[in-house]
Amino acid sequence: MQRMQRPEEFVGRRQEDELSRLEDPFSIQVSSELFELGYTLLTDLLAPWLNPSQPTHLHDALAAAATQLTQSLAQTSPPAFILHAAADTRPNASQPSVVEHRFTPNAMGLAVLQIVTSNVRRLVLSHVDPAEVGLQDGQDQLIQALEHLIPLGTKRTDPLFSLSLQAAAAIEVGMEAFYPSSQQRTDMLTTRMGHGATLEFQLRWPVQEREQEDPRYERLILVLQLACIKEGFEHALRGTWGVCLHLVVGLPSTQSTADVLTQCIAESIQQAGFAGWKVAAGAQEVSITLQRHLHWNRVEKMGHDSGSGWIRVYPQAVATYDDVLVEVNAFVGQHASGAM
């Protein structure tokens, strides 16, 4: 399995020899047993959501133990250090939200998701065939569990927000492992876009692959804005010219996102000088990805992504135009100093 993207640091690029030094041990740190155990732990720890028809013994035992520990700490510790109880985190719990600590079922489930994410990333970088470690082309139980968790915590106030966000991160970094076929990834990209998605075009400077800067990216932003005006698409430009720009575009709910991308957007990108661009998963000068979560870690993601241009597609079920614009405004405001 070939690595499709070249990882980068948030500012500056890693050298290929640095990456190759990291790859060697990765291939011996992942195994079918690891992913089988991860799935088993997730379904037991998060049984009320992932396996509601089965007994929830482990979840119940951990929830009870967390409550007892909290009570003990409340009796022995100063008030400033008291941990709030997270006794019942089931879907129909009477408390709308809880303050979790490391011994609750949710916190333990989050730790398992972090381990899975780390090892999936290692698997992708190691070039090991995913089938050799038990991952079966999108049909694996672990993959289905991750996909099931994502829509359960899309808002920051949701009890499962941290779990949802980490599950989305696991899918994102492991796309090539979970769905090895590029055609399979492209089909998933196009079929899940739906109608009326929000598009985020992101450009990062300086673009200097050769001795001089590449002007196509500046041209791309200008051409896209003209296309939005012509088509009547709601849009907003944020960021700093010459540093990092975000063009957020809201498509009408009646229009197929895939159709807009393959026609209007593709023509604009090709007009800007990217002649071979198409709606396809994988490495391109302007890559396109499906966002499964609104609140992804932008700094971390940009630290791994290759290139200088990206299109991020937010289906209606994930975020609205206003939601995406709020996130972009917050990110741009935080990094307005040009440290990007």
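None of the figures in this text is laboratory data; all of them are computed from the coordinates on show. Just so it is clear, the structure is predicted and the values come from calculations on it, not from any experiment. Virtual Cβ from ideal backbone geometry, glycine too; neighbours counted across all protein chains shown.
Charge tally for Ala236 (other residues, Cβ to Cβ under 14 Å; Lys, Arg +1; Asp, Glu -1): -4. Other residues with beta-carbon under 12 Å from the beta-carbon of Phe274 carry, at +1 per Lys or Arg and -1 per Asp or Glu, a net charge of 0.
Look at Trp241, Trp205, Trp49 and count the other Cβ atoms within 10 Å of each Cβ; fewest to most, that gives Trp241, Trp205, Trp49.
Note on region 109-170: the C-alpha convex hull projects to 4.2 nm² when averaged across all orientations. Note that region 193-338, at 37 °C in a medium of 0.692 mPa s, gets a Stokes-Einstein diffusion coefficient of 213 µm²/s from its Kirkwood radius over C-alpha pairs. In this structure, Glu300 and Gln54 have a Cβ-Cβ separation that, at R0 = 41 Å, corresponds to a calculated FRET efficiency of about 0.75. Maximal additional length on extending the His148-Glu231 stretch stands at 26.3 nm, based on 0.36 nm per residue less the C-alpha distance. Can you tell me, using C-alpha contacts under 8 Å and at least 6 residues apart, the relative contact order of region 255-340 as a whole percent? Computed value for region 255-340: 22 percent relative contact order. Ranking of Leu58, Leu113 by neighbouring Cβ atoms within 10 Å, starting from the fewest: Leu58, Leu113. Structural descriptor for region 193-338: relative contact order 36 percent, calculated from alpha carbon pairs under 8 angstrom and at least 6 residues apart. In order along region 268-282, the Karplus-derived 3J(HN,Hα) couplings, from 6.51 cos²θ - 1.76 cosθ + 1.60 at θ = phi - 60°, round to 5, 5, 5, 5, 6, x, 9, 4, x, 5, 8, 6, 7, 6, x Hz, and Gly and Pro are given as x. Exposure proxy ranking for Ile288, Ile150, based on other Cβ atoms within 10 angstrom of each Cβ and starting from the fewest, stands as Ile150, Ile288.
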